[in-house]
Structure formats: structure tokens, C-alpha cells
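The values are calculated or read from the model by the stated rules, or taken from the named source; none is laboratory data. Just so you know, these numbers come straight off a predicted model, no measurement behind them. Cβ atoms come from the backbone with ideal geometry, glycine included; neighbour counts cover every protein chain shown.
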Amino acid sequence: MRPVTEAELAEAVAGASGPLAIRGGGTRTVGAVEGEVLETSGLSGVVLYEPAALTLVVRAGTPLAGVEALLAGERQRLGFEPPDLRALLGRGGESTIGGVAAANASGPRRVQAGAARDALIGVRFVTGRGEVVKNGGRVMKNVTGYDLVKLVAGSHGVLGVLTEVSFKLQAMPEAEATLILEGLDDVAGLAALRRALGSPFDLSGAARVGGRSLIRVEGMAGSLAYRTGRLRALLPGDMRVAEGEASAVLWREVRDVSALAGRPGDLWRLALVPTVAAEVAAAMGGEAVFDLGGGLVWLLLPPGQGDALRAVIAGRGQAALIRGAGASPFAPGAAEVAALSSGLKAAFDPRGILNRGLI
């Protein structure tokens, strides 16, 4: 099914006799989902774009590439830096803006600008009952009751099918630069990232990949020169600076986890206490890409290591299998969290027809 209006989509959901597999562009699909495919790509187009107000309202099936091109024409962007994980996950297709919101897809700039859910200011979606729900608004200052905007962001379609999303935007900076620290092991390299993040110099990226620690700053050219100079004095190790497009290339690779793309094995996404990231990676012996100063770790392991990994990180973080047998975007949580998730699912999708199998 490929409805082209919100009313058609609501009718399709209300009349469904079995489970529905919600699909935008199919680029972020993780895990086995049961049911007839319900595509949202027919719900496409910009509803409202006000560059002066840094506000965008767009239908959920609109291609992400088109949204980014539109914003670039006004030197604006989605501040949370949505990643392109097609190579990493072995997917084709074209990413949609609704899929970005549904997956809370966020990149390295999350340390400064927050995640996709933090930029999302309004949504329209269809529940498992076929009811249309609107929450939030089209301006940054908006007071509503329950914050369903934050709830559906990252829910991967299990609570409702997004039809429209509203984002606050960010102006593109004048310049960017990346400090590249070499000659440090993971322990020292991640400690340097944490030290930089704790400084007053407003980082927009802090990652470690391929034995190098990367620190990004953005803004006015004069400010960049001052901040990179201060950071060079603050941090240990051999150091060089990449500017402009050379810097941007480095962060596209971090954003898309390119170092682990096309590699065999199970791919895990770990949300950790940053101070234990190096220890966890060393204990498991896999290849790692560290982002957010060590708070996010992409870890490539041989199949069948899930129990050992969860034992290592117990009490210090969560692990979700992103690529491999039994992959799911939702990491197992405490019983109380599971009960809350089940209750929300029952409230929004009492028949359990939306993306059945993910939770």
C-alpha cells in the first residue's frame, strides 16, 4: 500500500486486517517486521518553510536529500546531522525525513545541537486505531500537554505512522576545523576527548576512529582560530588541523560509521558511560568507532557475543544489536521499562499491528 494523503493512510490503518510493516525509504530498517508493507513515500512535499524563523514543516515521505538541498540553498541545515547508514546496514533506497524522525537518526553534532528529537517541534501521525493525532506546533515556543513529539521520535513506527514533521533549523557556520590527535591509545585518546568536551570551547564533534581522536569546532573564522589554538594547548599528543572540506569529509565518515561498513560480523550500538568506553571495547576485543566522546560506541564483533557483551556493560550502559541475527533497535531494558513500553504500545496500537516484531 502506498497512500498519498493522510486520510488515505488513516483509512488503510483502520481497515487493516493484519499487521503492517511501515516503510519510508527502507534505508534504516532494523530487525524482522511482520505484515503487509505500508509505504509513506507517497506523503511527500514541503508544507511550510520559513528561513527567517528557522522553521520547516514537511510531509514524512519527503526524501531527506531534497530537504537538505532546500535548506542548503538558504545556508541552513538540520543541526543534528542525520547519518546515512545504507552502506553500514547493507540497504538501498532513499532516506525519508519521516524515517529520520522515527529512528531519531542523529550524528556527531549531537554533542552540541542535541538529537533529532530535540529539533523536532511538531508531528502528525496515525495511531494503530487509524486515528490522526497532532502534537506540538510550527514554532519553537510551543506549550502543549503530553510531549508526544519526543515520544514518537525514535519509536520506529511501533506507536504510530508519521505523516508530517516540523523541525527547528540551524544556520550553517562560516567555517569548520578539526583537530586530529595521533599517537594516543584508546584510553588516552578518549580522555582527551572528554577533556575537550569539558572545556568552554563549544565543540560540535568528539570522536575516535582508526587510532585518531577527532575534535570539531564550527563558527566564525576568528572564533575558530582562537578555539583551535586554545585546544591545541590543552590537549596531549601529536596534532594537526584539517579545515573546510577536509574536515567535513572526516565527519561524514564518522557520521556514517564508514570504517565498519561492508565488514562481516555483528554490529552493536552501545550507549555507555563515556569513562568505560575504552575498557568495554578492550574487554570484547572487537573493532570500535567511538562517538560523542565515548558515550556512543559502534562495536563490530563475531556472531554470538551478545550475552558476554551485556555482562561486561551491566550497570554501565545498554547494547542494541543493529546488524546481525535477531537485530532490533530496542535494547533489552529493566522490567519496569519493558512494562512502560508495553503500556504505551497498547494505548497507541491496541491491536499490535504496527511494525509487529520490533518490541
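Of all residue pairs spaced 6 or more apart or on separate chains, those with beta-carbon atoms under 8 Å, a first member in region 219-246 that is within 16 Å of Leu197 (Cα to Cα) and a second member that is of a type in the set (D, E, K, R) and loosely packed, with under 14 Cβ neighbours inside 10 Å are Arg227/Asp202.
The helices (runs of 4 or more DSSP H) falling completely within region 54-117 that include 2 or more residues that are in contact with a Pro (Cβ under 8 Å, 6 or more places away or on another chain) and at pLDDT 95 or above map to 97-103.
Residues in region 42-79 that are surrounded by fewer than 14 Cβ atoms within 10 Å (Cβ to Cβ) and either over 23 Å from Thr27 (Cβ atoms) or in contact (Cβ under 8 Å) with a residue 60 or more places away in the chain (or both): Leu48, Glu50, Ala52, Ala53, Ala72, Gly73, Arg75.
Residues satisfying the criterion are present in region 231-248 (criterion: within 23 Å of Ala105 (Cβ to Cβ) and of a type in the set (A, V, I, L, M, F, W, C)). Each residue in region 320-343 was checked for being more than 21 Å from the chain's Cα centre (by Cα) and closer than 19 Å to Asp307 by Cβ, and 4 of them qualify.
Across region 1-47, the number of residues qualifying as assigned to a strand (DSSP E or B) and outside the structural domain of Thr127 (by TED's automatic domain parsing) comes to 0.
Each residue in region 187-204 was checked for being touching a residue at least 12 places away in the same chain (Cβ under 8 Å) and over 15 Å from Tyr226 (Cα atoms), and 10 of them qualify.
With a requirement of 2 or more residues that are buried (at least 20 other Cβ atoms within 10 Å of the Cβ) and without any contact (Cβ under 8 Å) to a residue 40 or more places away in the chain, the helices (runs of 4 or more DSSP H) lying completely within region 270-359 that satisfy it span 277-284. In region 166-247, counting only strands (runs of 3 or more DSSP E) that sit wholly within it, the ones holding 1 or more residues that are in contact with a helix residue (DSSP H, G or I) (Cβ under 8 Å, 6 or more places away or on another chain) and either assigned by TED's automatic domain parsing to the domain that holds Asn104 or farther than 19 Å from Phe290 by Cα (or both) span 175-182, 212-219, 238-243.
If the condition is being of a type in the set (Gly, Ala, Ser) and over 17 Å from Asp266 (Cβ atoms), then region 285-314 contributes Gly293, Gly294, Gly295, Ala314.
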